[in-house]
Each structure stands twice: as C-alpha cells, then as structure tokens.
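Participant: Next up is a structure, given as structure tokens.
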Amino acid sequence: MKRTETYLLNMGPQHPSTHGVLQVKLTLDGERILKAEPVLGYLHRGIEKLMESRTYFQCLPYTDRLDYISSMNNNFGFAMAVEELAGIEVPRRAEFIRVIMAELNRINSHLIGIGTLANDLGASTGMLYCFRDREYILDIFNEVCGARQTFHYIRIGGVAGDFTDKARELTEAFLERVPKFLSEYDQLLTGNEIFTRRIIGISAMTAKEALDLNMTGPNLRATGVARDLRKLDGYSVYGELDFDIPVGEHGDNWDRYQVKMKEMAESAKIIRQCLDKMPEGLIMAKVPKMLKPPKGEVYSRTEGTRGELGFYIVSDGTTKPYRVHIRRPSFVNMQGLDLMCRGMLIGDSVSAYSSIDPIMGEVDC
Amino acid sequence: MFGKGLLTGMGVTIKHFFGKKETFCYPEEKLPMAEGFRGGDLTMDWRVCIGCQMCAMACPNKALDLTVVTDAKKKRHMKYYIHKTGRCLFCNLCVEVCPVHTLQWDKNYANSTWNKEDMVHDAMTDKDRADLDIFLSDVEKKAKAEAEAKAKAEAEAKAKAEAEAAEGKPETPKAETKAAPPKPEAKAEAAKKPAAQNAAPDAEKKAAAAEKKKGGEA
Ligand code: SF4
Ligand code: SF4
C-alpha cells in the first residue's frame, strides 16, 4: 500500500547559510515546510554568567562578543545601563561620537545582512559589493579604536579615544559613498528578477503576529509598525536629530530587505547631522577607578541593529554586577522563523532565515 | 521585460571589471595598521616596567601570567611576561592601565599558530632575562657593598665618638667592635633572601590561582 508521511530534515549546524552554528529541524511534507524548529546553543559561552565575576569595566569587552557584527551598539547599550545605574553624566561630545559610531555600525550590520541575503539566494556578487563598502566603515573604526572587530570603544562614561580629524575625513568620504553604493545595489539586486522572485511575498508576517512574538527592529518595522527606540525614547542625543523610520507593508522578505536599505540612508542622515552638531570638549566623564554603583537594578534599552537591545543589571553595591541579563534581539526574533517558514518551500527557509538576520553570537549569548 | 534587471546588474559588474581595483595582493602587499592598532603580541621593556602587575589585574580573562622578582633594593622587576594570546580579548585594558606606558602592541596581526599550545608569547626574551640576572647581581653586589660601607662607617663613627668620649678607658672600644660586625652580615642576608626566594612563592601562588580559576571556569 502506498502512503505518504512527513519527514524530518536537519538543516545545520554546519549549513553554510546559517551564518554561524544553528540547527533547524524542518518537518517536511514533500517540499513544503510544516514546521521549523531552531535548535540553539551551539555557540553558548555563558557571557551573562562570566560577567558576574568581572568588574563593570571588564564586562564591556564581553559585550563585543554578543552580536559581533554590531559591537559598537552592544558597547553602547551596556555602557548606558551602567551609567544609569551609577549616575554618570556623559560629556556631550562623547554622546555625539557614540551616536556616529552606533549608526556607522548599523550601516555595517545592514550591509552584511543584505550581502548575506544576496549570497544565500545565489547572488554572491551582491555580497562582495556589500563587503567592499563595509571595509570603509571598518577603516573608520580602525582609526578611532584600533580594531576592526570587537571594538571595545564606547566605554562607561564616554568613549575610549577622540574622534580625530582623520576619522572625520574618512567618515565624510564614506557618507559621500552611501548614496552611490545604495543605487548600485538597487541596480544589482533590487531590480534583479531572480532575486526579487525569491523574496517578494515570501515568508510574510502580519504586524499582530510579529508583535505577538515580541519581534523588534527591522523585522517588526517591515510589518508596518513604526516602532524605533531611537525615536520613542530619544536616548543619548537621538532626540535632537531629525530622521525618519522606514516601514514596510506586508512584512515579507522584500519588505525586510527594503527597510534595511532605507535605514542605511537614514543612518547616513543621522551621521551627517552629528558631524555638524558635534561640539568640542571632553570625551570621558570622571569615572572612579573602582566603580561601585549603589545597590539596585536597572533595565536600559537601546535600539540595536537588530531590535531592542536591553541590559538588565542588578548591583549589590560591589565592583562586580550581581546579575546581568541581556535581552538579545536576535534571540527573540528567531521565534519568528517557524511562522515564516510554514507552508514555504525548503529553499525559502534559507531566505527567511537570512532576512531575519540573526547573529548566532547574540542568539546563544 | 524579464531580464532587464539582470542586464543592468551585469552592467554594474562590467563597469567594475574595468574600473579601479578594490583589492590588493595580501601576503605581498600589506595594509599599514592604524596608530592605535590592537593586535599581535604584547611587548614591554623590563628596564621601564615597575613590576606593579596592574596590567594582569586589569585583564578580564587572566591572559597575562607574570613572574616578578624583587632585587636587593626591594624594587620589583619583570622576569617572565607570558601573554596567552589564545585567551586574550584584545581589549586594550592592560595597555591603558600601565602607569609607565611600557606595554605596547607589536601589531603583527598574522600570528595564527598550528597548535593551541603555541598561543603563548613571552614579552621577555632570554636575552632580556640574562640582562636582568646581571642587573640583579649588580644590584645585590652594590647593596652589599653599600651596606658594608655604611656599617663600617657607622661602626667607625661610633667607635671614634666613644673613644673620644671615654678617653683613657681602653676597654670600651673592644666591646664596641664586637657589637658592630653582626650588622652588615644580617643586612646582606636579608637582601639576598628576597632576590632568591621571592620568585618562587610568587610563581607558585599564581600557578595555584590559575589552576583554581581553570577548575572554576570548566
Ligand atoms: S588585551 Fe585585554 S585580554 Fe588581552 S592581555 Fe590585555 S587586558 Fe588581557
Ligand atoms: S602595568 Fe606596566 S609597569 Fe605594571 S607590571 Fe604591567 S607592564 Fe609593568
């Protein structure tokens, strides 16, 4: 007697399109996906626990390793949380430098997001172009902090080094490139029929579904919800800056791609304003060598490149945090994978995964 | 028309094919690193280093294993400066905290190894250590000579003073000379001790701490 049955396909943990080590258990009915179950933990390093045995200053380099693509934003989030806990006032110049770095890192991260999406769909050329332009951002980072990854630049109380004239020069030159390369991607990818057919209308999500799953960042904005903590909280100097929040409509892969493309242009706008507004002055507040924040707890959130990045810190009045919990946007956004994959073809699971754009270092923490 | 987008995309690549090259031939050509580039191994000069071990204390991941010796004049010197590159976060905290700014990166970023065990680097070369030994024995000799000279001068002065004070009483200087000699000897011994022994307990303590740490982390 002939019969059909569902079967299980393991994708990963060594699959090239998982950008890290993620295993997805796909329950399949022929080519159609019935269920996608991510299996996490291959990159778990216990960063939250490690932080408990380190001083606040020593914790900072570990945040670099959460979402290793956007280290600046992680540094920013943690530094802000500790500053709130210890009541440290950050000099104005440092705030502007921080915002510039965070936005440069956002562009950097979105470039990788788009590049890998293109690569996973077979357009490797697209990826190389994105990596080419990312190099210019890394040059700026290298200039200000001496590292091209794991920057450890935004510190508690300010930033580690000044924004030099050379860095300004490099940034200006990069800003000039932004519209150029964006239009290049439009020619290369946005208009490419093969690329668009793989992403338009695929893995759509409604705003309600995204909100129910607690998704944030470009993934949520693609569904049409204009929620951005930079606007909502106006933390640091974001309140004084003028920028828009790009939103999508259908919440499909195409919208997620488009939101990222538009956000890059917005970030460039923010950087431009910061360069113009940045005052002279100190870059570091007076922070005691033995930082002992008073007893208490704090939850501080920032808009990371992938959504709401929150640091919850409990202090017991000593030099080391009693407990740190990190709300990692990639981890939460991963919940959407199942919903995005249901009813799609196997090949679409790759594009769904890429368009969520999770970083495994942050998913597993 | 289907395929128009594809052709436009190809136009972009063709333009780049004839345009300016973005890449360079890596092992032959190398990019200059930024001034503050953090990477490679740590270097330091033991002549400048004051052996305060602040760098090891600032390190978040216990990547620095230092052995400090104390010379005859109670000054600390670095003997082994082991930088475990495999554990290093390249966070720059050690470099920033050094009070005499002798700690630097050598910027040699191509420092991958075949084995995990090779991922250690001693910032002190054997030559440095030989120099250090010479320096230490010099200091010891100097200290000994100084101590002797001091004791001698003191004894002489005392003897002279007492002889002057009690002229006519020939027995007292005899008693004085008996009391004086033990001084330099005791001092010289005390000076020898830390130089020879300090290194051992220090290293032992550290090794024990490292063991404990390893156990705790595992
Ligand atoms: S760079 Fe950081 S991790 Fe490496 S040795 Fe220095 S303090 Fe330790
Ligand atoms: S902090 Fe500087 S002076 Fe102190 S032990 Fe380290 S290298 Fe030497």
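The values are calculated or read from the model by the stated rules, or taken from the named source; none is laboratory data. Predicted model only: the values in this text are computed from it and were never measured. So basically every Cβ, Gly included, is an ideal-geometry build from the backbone, and we count neighbours across all protein chains shown. Only protein heavy atoms, including side chains, enter the accessible area calculation; ligands, DNA and RNA are left aside. Shrake-Rupley method; radii C 1.70, N 1.55, O 1.52, S 1.80 Å.
Participant: So if we plug the beta-carbon distance of residue B:167 and residue B:54 into 1/(1 + (r/R0)^6) with R0 = 51 Å, what FRET efficiency do we get, rounded to 0.05?
Facilitator: The value I calculate is 0.30.
Participant: Quick one: Karplus J couplings for the range B:114-127, per residue in order, coefficients 6.51, -1.76, 1.60, θ = phi - 60°, nearest Hz, x for Gly and Pro?
Facilitator: Whole-Hz 3J(HN,Hα) from phi for the range B:114-127: 7, 10, 4, 5, 7, 7, 10, 9, 9, 6, 9, 7, 4, 4.
Participant: How high is the relative contact order of chain A, in percent, with contacts defined as C-alpha pairs under 8 Å that are six or more residues apart? Provide the component values of the computation, followed by the final result.
Facilitator: Details: 738 pairs, mean separation 97.3, N = 365.
Over chain A, the number comes to 27 percent.
Participant: For the range A:60-93, list whatever residues lose no less than 30 Å² of accessible surface once every protein chain is in place, relative to that chain by itself, with the probe at 1.4 Å.
Facilitator: The answer is A:61, A:62, A:65.
Participant: A follow-up question, please. Based on DSSP H runs of at least 4 residues, each adding -39500 (n - 2.57), what is the mean residue ellipticity at 222 nm of chain A after dividing by all its residues, to the nearest 500 deg cm²/dmol?
Facilitator: -15000 deg cm²/dmol
Participant: With +1 on each Lys and Arg Cβ and -1 on each Asp and Glu Cβ, how big is the dipole of the range A:7-144 about its Cα centre, in debye rounded to the nearest 20?
Facilitator: In debye, rounded to 20, the range A:7-144 gives about 220.
Participant: For chain A, set up a GNM with springs between Cα atoms under 10 Å and report which of A:188, A:104, A:121 has the largest fluctuation.
Facilitator: Result: A:188 has the largest fluctuation of those listed.
Participant: Report the number of Lys pairs in the range B:10-84 whose alpha-carbons are under 27 Å apart, with separation of 8 or more residues or on distinct chains.
Facilitator: Count of close lysine pairs: 9.
Participant: Let me ask you something else. Accessible area lost on pairing A with B, both sides, 1.4 Å probe, Å² to nearest 100?
Facilitator: Interface area, both chains combined: 2200 Å², rounded to the nearest 100.
Participant: Right, another one. What are the ³J(HN,Hα) values, in whole Hz, obtained from phi via the Karplus relation 6.51 cos²θ - 1.76 cosθ + 1.60 with θ = phi - 60°, for each residue of the range A:296-303 in sequence order, with x given for Gly and Pro?
Facilitator: With coefficients 6.51, -1.76 and 1.60, one gets x, 9, 8, 10, 10, 10, 9, 8 Hz.
Participant: Which of the listed residues, A:101, A:326, A:235, is farthest toward the dipole's positive end in the protein assembly as shown, when Lys, Arg count +1 and Asp, Glu count -1 at the beta-carbon?
Facilitator: Of the options given, the answer is A:326.
Participant: Have a look at A:201, B:53, A:63 and report the one farthest towards the positive end of the charge dipole of the protein assembly as shown, computed about the Cα centre with Cβ charges (Lys/Arg +1, Asp/Glu -1).
Facilitator: B:53
Participant: Could you tell me which of rounded, prolate or oblate describes the range A:219-365, using a ≥ b ≥ c as the square roots of the eigenvalues of the alpha-carbon gyration tensor, with rounded for a/c under 1.5 and, failing that, prolate when a/b is larger than b/c and oblate otherwise?
Facilitator: Oblate.
Participant: Can you find, among B:23, B:81, B:104, the residue sitting farthest towards the positive end of the charge dipole of the range B:1-108, where Lys and Arg contribute +1 and Asp and Glu -1 at Cβ?
Facilitator: Positive-end residue among those listed: B:81.
Participant: Still on this structure: Modelling each spin label as a point 7 Å along the Cα-to-Cβ direction, I'd like the residue B:156/residue A:162 distance in nm, to one decimal.
Facilitator: Modelled inter-label distance: 5.8 nm.
Participant: On a 1.4 Å probe surface of the protein chains, which of A:139, A:228, A:212 comes out largest in accessible area, and what is the full order?
Facilitator: Greatest to least solvent exposure: A:212, A:139, A:228.
Participant: Also: For the range A:118-167, what is the convex hull (Cα atoms) projected area averaged across all directions, in square nanometres?
Facilitator: It is 4.4 nm².
Participant: Name the residue, out of A:45, A:227, A:301, whose mean-square fluctuation peaks in a Gaussian network model built on chain A with Cα pairs under 10 Å.
Facilitator: A:45
Participant: Partner chain Cβ atoms within 10 Å, averaged over the residues of A:141-148 - can you pull that number for me?
Facilitator: Working: counts 1, 7, 4, 2, 5, 12, 8, 6.
Per-residue shielding by partner chains comes out at 6.
Participant: Can you pull the mean other chain C-beta count within 10 Å for peptide B:58-68?
Facilitator: Counting Cβ atoms of other protein chains within 10 Å of each residue's Cβ and averaging gives 2.
Participant: Next up: Using the Cα centre of the protein assembly as shown as the reference point, and only Cβ charges (+1 on K/R, -1 on D/E), how large is the resulting charge dipole? Debye, rounded to the nearest 20. Don't skip to the answer; put the middle values down first.
Facilitator: Working: 83 positive and 83 negative charges, 218 e Å.
I would put it at about 1040 debye.
Participant: At 1.4 Å probe size, what's the solvent-accessible area of residue B:117? Round to the nearest 10 Å².
Facilitator: Counting only protein heavy atoms, residue B:117 exposes about 130 Å² to solvent.
Participant: Quick one: pull the percent of accessible area on the protein assembly as shown belonging to carbon and sulfur, 1.4 Å probe, ligands and nucleic acids left out. Please report the intermediate quantities before stating the final value.
Facilitator: On the way: 16210 of 28590 Å².
For the protein assembly as shown, the apolar C and S fraction of the accessible surface comes to 57 percent.
Participant: Sort the following peptides by mean Cβ neighbour count (other Cβ atoms within 10 Å, averaged over residues), highest first: B:10-19, A:194-203, A:72-81.
Facilitator: Sorting B:10-19, A:194-203, A:72-81 by mean packing, highest first, produces A:72-81, A:194-203, B:10-19.
Participant: With springs only between Cα atoms under 10 Å apart, run a GNM on chain A and tell me which of A:177, A:306, A:98 wobbles the most.
Facilitator: A:177
Participant: Here's another thing I want to ask about it. So for the range A:10-148, averaging the separation of alpha carbon pairs under 8 Å that are six or more residues apart and normalising by length, what relative contact order in percent results?
Facilitator: 12 percent
Participant: Further question on the same structure: Using a 1.4 angstrom probe with every protein chain in place, what is the largest-first accessible-area order of A:19, A:152?
Facilitator: A:19, A:152
Participant: Other chains' Cβ within 10 Å of A:173-186 residues: what's the mean?
Facilitator: 1
Participant: Under a 5 Å amide H to amide H cut-off, with H placed in plane at 1.01 Å, what residues pair with residue B:120 once short-range neighbours are removed?
Facilitator: Placed amide hydrogens put B:85 under 5 Å from residue B:120.
Participant: With only alpha-carbon pairs counted, each pair once and no self-pairs, how large is the Kirkwood hydrodynamic radius of the protein assembly as shown in angstroms?
Facilitator: Hydrodynamic radius (Kirkwood, Cα only) of the protein assembly as shown equals 27.6 Å.
Participant: Along the range B:7-16, what does the Karplus equation 6.51 cos²θ - 1.76 cosθ + 1.60 (θ = phi - 60°) give for ³J(HN,Hα), rounded to whole Hz, x for Gly and Pro?
Facilitator: Each residue's phi maps through the Karplus curve to give 5, 4, x, 5, x, 4, 5, 5, 4, 6 Hz.
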